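Have a look at the structure below, then the notes.
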Amino acid sequence: MSRTMPEPGLSGRTLGDAVSWSTDPYADALRNGRGPLFLRRTDGWLLPLDVERWCAGADAADLSALRRCEGPVLDIGCGPGRLVAALAARGHRVLGIDVSEAAVARTLRLGGSALHRSVFEPLPGEGRWGTVLLVDGNIGIGGDPRRLLHRTAALVAPGGLLIAETAPQDIDERVEVRLDDGRAAHAGAVPARPFLWARLGTPALLRQARPLGWHPADQWEADGRRFVSLRRERTVLTTSQSADTVNSAAVISSQFPRNTSGDSPLAGS
Ligand SMILES: C[S@@+](CC[C@H](N)C(=O)[O-])C[C@H]1O[C@@H](n2cnc3c(N)ncnc32)[C@H](O)[C@@H]1O
């Protein structure tokens, strides 16, 4: 297990995260449907991002997670929207959110519902989602898993599910990274701005989630990817207007979801 940085103070840094994912290297990769694209750590270590897979249809490992979804689903960091599209095709009410305009546009083109918004900003249906998804390493969003787990607890209904993909190794790592398409160094371009990211194996995720009222429901592996589902306590008290939400910057912009009806978190957003 490694912890490469001390506990970060994140108040100003999560906006850096939102800005970084909305810049060229990621938007270009989504437009082209392919990488190369990496998260580059300050020590030069590269984490490849699987843009081709994200831009393809949902695969068997994805479906192993989607089959476990209950009720209306919020896909946090939905990227180009393959999970949103697959869930909608299976009759789920589902909303994707992402800080990347290119990701939201692509999700909408697939016929999915998506909002251009950070998970740390006010969201429709807070406290009413049946399942929230943090897939493809998205437990790393904001570089502070505890804060993200606290935020997701405020988003799901009592007894609701969080389905997260964890790192294959037993790690607990918070790092400063930049998006890197491998071209900047050669072209002499200014490197993308740094932001905080986290990677967690299953043991670390369970350790951090339990004190926040998340109980392990299931753990599984599919095609070499690891997943965990956690159920929120029915009685836990969380404030939907947490300090994170109140202090967050104004919504960048929004495209309100279609298919809104009934007692769904998608209604009245
Ligand atoms: C590792 S990628 C995962 C991609 C994605 N799950 C997919 O299916 O393509 C992380 C995603 O989270 C988004 N993201 C980063 N910070 C975010 C935030 N604070 N709120 C919402 N989405 C965020 C990024 O724009 C990016 O699309």
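Computed from the coordinates by the stated procedures, all read-outs in this text should not be read as laboratory data. Keep in mind it's a predicted model, so treat the numbers as computed, not measured. In this analysis, Cβ positions are derived from the backbone assuming ideal geometry, glycine residues included, and neighbour counts consider all displayed protein chains.
More than 21 Å apart: what percent of Cα pairs in the stretch 114-187 qualify?
Numbers: 1001 of 2701 pairs.
For the stretch 114-187, the fraction of Cα-Cα distances above 21 Å is 37 percent.
Quick one: in the stretch 131-236, what % of C-alpha pairs are over 23 Å apart? In whole percent, the share of Cα-Cα pairs in the stretch 131-236 beyond 23 Å is 33.
The modelled label-to-label distance for the pair residue 63/residue 46, using points 7 Å beyond Cα in the direction of Cβ, is 3.3 nm. Looking at the stretch 81-149, what % of the alpha carbon pairs are farther apart than 14 Å? Percent of Cα pairs beyond 14 Å in the stretch 81-149: 62. Of 42, 202, the sequence from fewest to most neighbouring Cβ atoms within 10 angstrom is 42, 202.
Take every Cα pair under 8 Å in the stretch 136-226 that's 6+ residues apart, average their separations, divide by the length, and report that relative contact order as a whole percent.
38
Length available on full extension from residue 223 to residue 89: 0.36 nm per residue minus the Cα-Cα distance, which gives 46.0 nm.
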